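Taking it in order: structure first as C-alpha cells, then the write-up.
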Amino acid sequence: MELYAPIVVLFGLGLAFAVISVIAARLTGPRRFNRAKNSPYECGIEATPTPPGGNRFPVKFYLTAMLFIVFDIEIMFLLPWAVHFDFLGMFGFLSMLLFVGTLFIAYVYEWRRGGLDWD
C-alpha cells in the first residue's frame, strides 16, 4: 500500500485544489449579470437559431483535425524510435519505414481531398 500512497495524496491535493478554486471564484467573483454575459459566445455575432437538423460543417474541418491527429501520433512514435535507433537494428528500421509509409499514404489522402488547400 505504501507504493500507492503518493498517488492517492497527489490525487487528493489535485481534487482539493479544484474544489477550493471553484469555491473561491464563487465567493470573490463579480456578480453583474446581463443579457450579453448570459448568452453563448458566438465570436461577437448575435446568435441565430439553427435550423432543425443542424448545420453541416465542411469536410475540410474534419480533414484538418484528422491531419493533426495523424501527424501528432507520428511524432509520438518517431521520437522514442530516434532515441533508441542504434539498439533496434534493421528490424526497427524496417518497422519504422512501414510506419512512415502508412503515414505517407494518409498525407497523400489529405492532399488529394483538399485538406491542405487554405483558400
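When residues of the range 72-104 are filtered for being exposed (fewer than 10 other Cβ atoms within 10 Å of the Cβ) and in contact (Cβ under 8 Å) with a residue 12 or more places away in the chain, how many remain?
Selection size over the range 72-104: 0.
Going by what's in this entry, would LYS60 be described as modelled with pLDDT under 75, surrounded by fewer than 10 Cβ atoms within 10 Å (Cβ to Cβ) and outside any loop (DSSP other than H, G, I, E, B)?
In short, no.
The values are calculated or read from the model by the stated rules, or taken from the named source; none is laboratory data. Here the structure is a predicted model, which is why all the values come from computation and not from measurement. Because the Cβ atoms are built from the backbone with ideal geometry, glycine has one as well, and the counts that use them run over all protein chains shown.
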